[in-house]
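Scroll down for the structure; my scribbles are underneath it.
Values quoted throughout were computed directly from the atomic coordinates according to the rules given, and no laboratory measurement underlies them. Just so we're clear, the structure is a prediction, and the values are computed from it rather than from any experiment. Neighbour counts are summed over all protein chains in view; Cβ atoms, including those assigned to glycine, are modelled from backbone coordinates with ideal geometry.
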Amino acid sequence: MVTNSSDRIWLLPHKFWSATKQMPQHEAENLLERVASLCEKQDFETLKKFDFIAIGKRPRVANSEGTLDTKTA
């Protein structure tokens, strides 16, 4: 259960796919399962080590043209 907005955990799909594009499918699935487990435990310190995870406020995300999508800000 999320208690306040600073504890929100965001998965950034484009960064996840970029980080796992060279991995076999089973390895990427195992990584996602590990991240999900860390989210359930709210292990923020470990989650911060993944560049495809953001914790806290909703992250600003670049669109396909490389500019910030103002709808997510």
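I need the calculated FRET efficiency for the pair residue 21 and residue 43, taking r as the beta carbon distance and R₀ as 22 Å, to the nearest 0.05.
On the way: r = 25 Å, r/R0 = 1.15.
Result of the calculation: an efficiency of 0.30.
Step through the residues of region 23-30 one at a time and calculate ³J(HN,Hα) from phi using the Karplus curve (6.51 cos²θ - 1.76 cosθ + 1.60, θ = phi - 60°), rounding each to whole Hz and writing x for Gly and Pro.
Residue by residue, region 23-30 yields 8, x, 4, 5, 5, 5, 5, 4 Hz.
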